[in-house]
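Report on one structure; see the data block that follows.
The values are calculated or read from the model by the stated rules, or taken from the named source; none is laboratory data. Here the structure is a predicted model, which means the values were calculated and not measured. Cβ coordinates were reconstructed from backbone atoms using ideal geometry, including for glycine residues, and neighbour counts include every protein chain displayed.
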Amino acid sequence: MTLEVHPSEKWFFGSSSRELQGIEEGEDNLIYKVAVHVAKELGKELPPCHVTMTSDIPLARGLGSSAAAIVAGIELANQLTGEPLTVEEKVRFSSLWEGHPDNVAASVYGGLVIGTHTEESTHVLYGGVPEVDLVLLVPSEELKTKKARGVLPSELSYKHAVRASSVANVLVAGLLQNDWESVGKMMSEDLFHHPYRRELVPHLEEVIQVVREETKAYGAALSGAGPTMLCLAPLHQGEEIQNKLQRHFPSFEVLHLRPAKEGIQVKKGIQNKEASAQIS
Ligand SMILES: Nc1ncnc2c1ncn2[C@@H]1O[C@H](COP(=O)(O)OP(=O)(O)O)[C@@H](O)[C@H]1O
Ligand SMILES: N[C@@H](CCOP(=O)(O)O)C(=O)O
């Protein structure tokens with residue numbers, strides 16, 4: 001997502017991106033709310049701006065559109081108040097707003113991040129840029145994160161938690177050793193989310209099976225809280241897998257992407273004699 005920011009007499013958030021049609025244009029916009037909250041925490045006020053948003057992230061599909069908007073709001077406040085924030089503070093502010101660092105830290109750093117978060121502290125490690133292709137199966141229906149959280153149990157038995165953590169631990173070890181076969185296997189065996197969210201994502205089991213048995217992808221899992229399903233694939237094989245999965249699952253939009261190499265980027269310039277900035 002990119003914001004183009006110009007000084008203005010009043011706040012306005014506009015976009016011609018298909019994904020952002022119908023998004024709030026005034027002070028009820030999420031980016032504005034986050035920016036004002038951060039400025040207030042810093043004891044500053046923000047000058048009104050005209051903000052043009054461009055995004056190709058589908059909303060409410062488990063692809064982190066809210067995280068991108070939150071991080072954009074934090075960087076907007078950072079730029080308009082003289083850049084007082086460190087990278088760690090940006091991750092902390094955004095994790096507090098989103099409730100977890102999973103997507104916001106990835107938006108700040110780019111690449112792979114692994115994090116933990118409570119109201120008291122946030123701890124995120126950057127794991128570099130994985131050398132894999134990504135193939136995404138995006139359903140046409142939205143699934144709000146709040147609804148996907150609602151089907152999770154409030155408690156897990158000790159035995160289940162130990163087993164589920166061991167799967168997650170091997171997955172992280174695989175990510176850090178570039179052992180993609182192990183990563184793919186552990187993705188498919190998730191015990192924290194899949195057993196509960198499959199009722200909201202009816203094709204999940206079928207996709208996991210087809211991906212593992214009929215493609216060269218390492219494995220598949222829910223992306224974020226779903227309903228998008230994410231496959232990790234060997235480098236340069238994503239396009240072939242994308243075409244195969246698109247034929248198999250015509251009702252989904254199947255995308256082929258690469259992990260982002262960069263997180264927040266800011267370009268400053270002078271246009272039409274007005275100061276302007278671009279935040280991506
Ligand atoms: N550019 C944006 N401006 C304002 N709000 C946004 C923007 N992008 C996303 N959002 C908000 O985030 C919501 C989606 O968040 P969520 O349900 O967590 O799904 P996800 O983050 O997986 O896309 C949208 O419905 C919208 O309210
Ligand atoms: N990983 C968390 C949060 C997912 O959020 P989203 O915005 O990517 O849907 C979870 O699974 O609840």
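Key figures
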| read-out | value |
| --- | --- |
| Boolean, Glu213 is of a type in the set (Asp, Glu), more than 21 Å from the chain's Cα centre (by Cα) and over 27 Å from Leu235 (Cβ atoms) | no |
| Strands (runs of 3 or more DSSP E) contained entirely in segment 198-277, each with at least 2 residues that are without any contact (Cβ under 8 Å) to a residue 40 or more places away in the chain and not acidic (Asp, Glu) | 219-222, 266-271 |
| Subset tally (residues that are touching a Pro at 6+ places or on another chain (Cβ under 9 Å) and either among the hydrophobic types (A, V, I, L, M, F, W, C) or free of Cβ contacts under 8 Å to residues at least 40 places away in the same chain (or both)) for segment 19-59 | 3 |
| Residue within segment 161-182 that is within 28 Å of Glu19 (Cα to Cα), in a loop (DSSP other than H, G, I, E, B) and more than 16 Å from ligand 1 (Cβ to nearest atom) present | no |
| Candidate set from segment 209-220 (those that are over 20 Å from Ser140 (Cβ atoms) and buried (at least 21 other Cβ atoms within 10 Å of the Cβ)); member that is nearest to ligand 2 (Cβ to nearest atom) | Gly219 |
| Segment 265-278, subset modelled with pLDDT of 85 or more and out of contact with any Ser or Thr (no Cβ under 7 Å at 6 or more places or on another chain), residue surrounded by the most Cβ atoms within 10 Å (Cβ to Cβ) | Val266 |
| Top-ranked residue in segment 52-94 [being assigned to a loop (DSSP other than H, G, I, E, B), at negative phi and within 16 Å of ligand 1 (Cβ to nearest atom); ranked as nearest to the chain's Cα centre (by Cα)] | Leu63 |
| Top-ranked residue in segment 28-48 [being more than 15 Å from Met1 (Cβ to Cβ) and in a loop (DSSP other than H, G, I, E, B); ranked as nearest to ligand 2 (Cβ to nearest atom)] | Asp28 |
| Any hit, segment 63-78, residues being among the polar types (S, T, N, Q) and touching a Lys or Arg at 6+ places or on another chain (Cβ under 8 Å) | yes |
| Residues of segment 121-158 that turn out to be assigned to a strand (DSSP E or B) and either in contact (Cβ under 8 Å) with a residue 24 or more places away in the chain or touching a helix residue (DSSP H, G or I) at 6+ places or on another chain (Cβ under 7 Å) (or both), as a count | 9 |
| Qualifying residue in segment 78-98 (condition: within 27 Å of Ser15 (Cα to Cα) and in contact with a Gly (Cβ under 6 Å, 6 or more places away or on another chain)) | no |
| Number of positions in segment 97-106 that are assigned to a helix (DSSP H, G or I) and in contact with a His (Cβ under 8 Å, 6 or more places away or on another chain) | 1 |
| Leu222 vs. criteria within 27 Å of Val162 (Cα to Cα) and touching a His at 6+ places or on another chain (Cβ under 7 Å) | yes |
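This table checks each residue for (1) within 12 Å of ligand 2 (Cβ to nearest atom); (2) of a type in the set (Gly, Ala, Ser); (3) within 24 Å of Cys49 (Cα to Cα).
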position	(1), (2), (3)
Ser95	yes, yes, no
Asp102	yes, no, no
Gly110	no, yes, no
Ser121	no, yes, no
Tyr126	no, no, no
Val132	no, no, no
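Yes/no per residue for (1) under 24 Å from His100 (Cα atoms); (2) modelled with pLDDT under 95; (3) acidic (Asp, Glu):
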site: Glu9; (1), (2), (3): no, no, yes
site: Asp28; (1), (2), (3): yes, no, yes
site: Lys33; (1), (2), (3): yes, no, no
site: Val36; (1), (2), (3): yes, no, no
site: Lys40; (1), (2), (3): yes, no, no
site: Pro48; (1), (2), (3): no, no, no
site: Gly73; (1), (2), (3): yes, no, no
site: Thr81; (1), (2), (3): no, no, no
site: Pro84; (1), (2), (3): yes, no, no
